[in-house]
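First the structure, which I've put down as structure tokens, then a few questions once you've had a look.
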Amino acid sequence: MLSSRVNIAIPNTLLQAKPSPFRYETGFRRPFSPRRLQVRAGSASGVAFKEEEEQRRLSSDGVSVAGDSPEYDIPETLRRELMPKHVAVIMDGNVRWARQRGMPSGAGHEAGVRSLRQLVEVCCRWGIKVLTVFAFSYDNWIRPQVEIEFLMSLFERVIKSEIEIFKREGIRVSVIGDSSKLPESLQKLVHDAEESTKENSKFQLIVAVSYSGKYDVVQACKSIAQKAKEGVIGLEDIDESMIEQELETNCTEYPYPDLLIRTSGELRVSNFLLWQLAYTEFFFVQTLWPDFGIEDFTEALTSFQQRQRRYGGRKS
């Protein structure tokens, strides 16, 4: 079911993009902590974001800047007990966002990271247990090499800069996808991040990198077939539960997203969590990912909480 804020009797219309209330004059919305946009010649993306000295001091002291702000409180329109356990997001529109501003594509990806930081903070505060984000599709390997190299470098920088925060805040990090195609340095960072946060239970961030929903199902079937070939299981043992256990989302207690959000106006799932989205509620919005803020997220959650999830049944 799609949501609409257009008051006409046409189903499956898109939410219209609107300005985010958390934005500076540069067009960047406020992330975990306020940042300044600095143009620096010779940088990979043409821009670099430098935190203010005071915000770095607060962060080093273990103070969550966003956590103390009233803008992160649950809106009165939402009910905590009706929050989805698992939210999945297709973070789309970074490059378009940058092009609209005459900036290199890397600037859009940098801004997209800040939207993700804010969403993680909000999910933690509002009682959502799992957030899965589609960061890089297996199909994206055909993109220009310069963009791929920038994204791999960005992934590494983000892990390095956020890992201590995740440890301190009780956030577990999991990465799904074909990691064999990632640079070795990134593979090691991913492994270390997963190991160092695997006991955390407050919140789980699942990042899909080099991920394919089709391949996820195929690799699960291959694993089951191998067990059957070795006589570990019989044909009658194979059921949905067994397949679920072999999918890459077996890393979480809540493998099936309750709500999928896709930004940028596209109306497709793009090979993302194909098995897991069987009974997921969909919410599409025209807002580009770097502009996606608390107001958009609140609209998505409000729509979700107003729906009746019947799983094939019928309410009497």
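Go through segment 114-128 residue by residue and turn each phi into a ³J(HN,Hα) via Karplus (6.51, -1.76, 1.60, θ = phi - 60°); whole Hz please, and just put x for glycine and proline.
For segment 114-128, the Karplus-derived couplings read 5, 5, 5, 4, 5, 5, 4, 4, 5, 4, 4, 6, 9, x, 6 Hz, x marking Gly and Pro.
Suppose every Lys and Arg Cβ carries +1 and every Asp and Glu Cβ carries -1, with no other charges. What dipole size does segment 141-224 come out with about its Cα centre, to the nearest 20 debye?
Rounded to the nearest 20 debye, it is 180 debye.
By how many nm would the segment from GLU164 to CYS251 grow when fully extended, if each residue of separation counts as 0.36 nm and the alpha-carbon distance is taken off?
Separation in residues times 0.36 nm, less the Cα-Cα distance, equals 29.2 nm.
Cut-off under 24 Å on the C-alpha distance; same-chain residues fewer than 8 positions from LYS181 excluded. Which lysines are left, in chain and number order?
LYS160, LYS198, LYS214, LYS222
Contour minus end-to-end for HIS191 and SER270, with contour as 0.36 nm per residue of separation and end-to-end as the Cα-Cα distance?
Length difference between fully extended and current span is 25.8 nm.
While we're here: Modelling each spin label as a point 7 Å along the Cα-to-Cβ direction, I'd like the ASP237/SER180 distance in nm, to one decimal.
Roughly 2.5 nm, to one decimal.
Please state the shape class of segment 153-291: rounded when a/c is under 1.5, otherwise prolate if a/b exceeds b/c and oblate if not, all from the C-alpha gyration tensor.
Verdict is oblate for segment 153-291.
Under the rule of at least 5 residues apart or a separate chain, name every residue whose amide H is placed under 5 Å from the amide H of VAL175.
The answer is VAL207.
What is the distance, in nm, between label points placed 7 Å from the Cα along the Cα-to-Cβ direction at ARG310 and at ARG80?
3.2 nm
Let me check I've understood the local charge: for SER270, count other residues with C-beta under 9 angstrom from its C-beta, Lys and Arg +1, Asp and Glu -1. What total comes out?
-1
Every read-out reported here was derived from the displayed coordinates using simple, explicitly stated rules and does not represent laboratory data. These numbers were taken from a predicted model, which means no experiment stands behind them. Quick reminder, even Gly has a Cβ in these numbers, built from the backbone with ideal geometry, and neighbours come from all protein chains shown.
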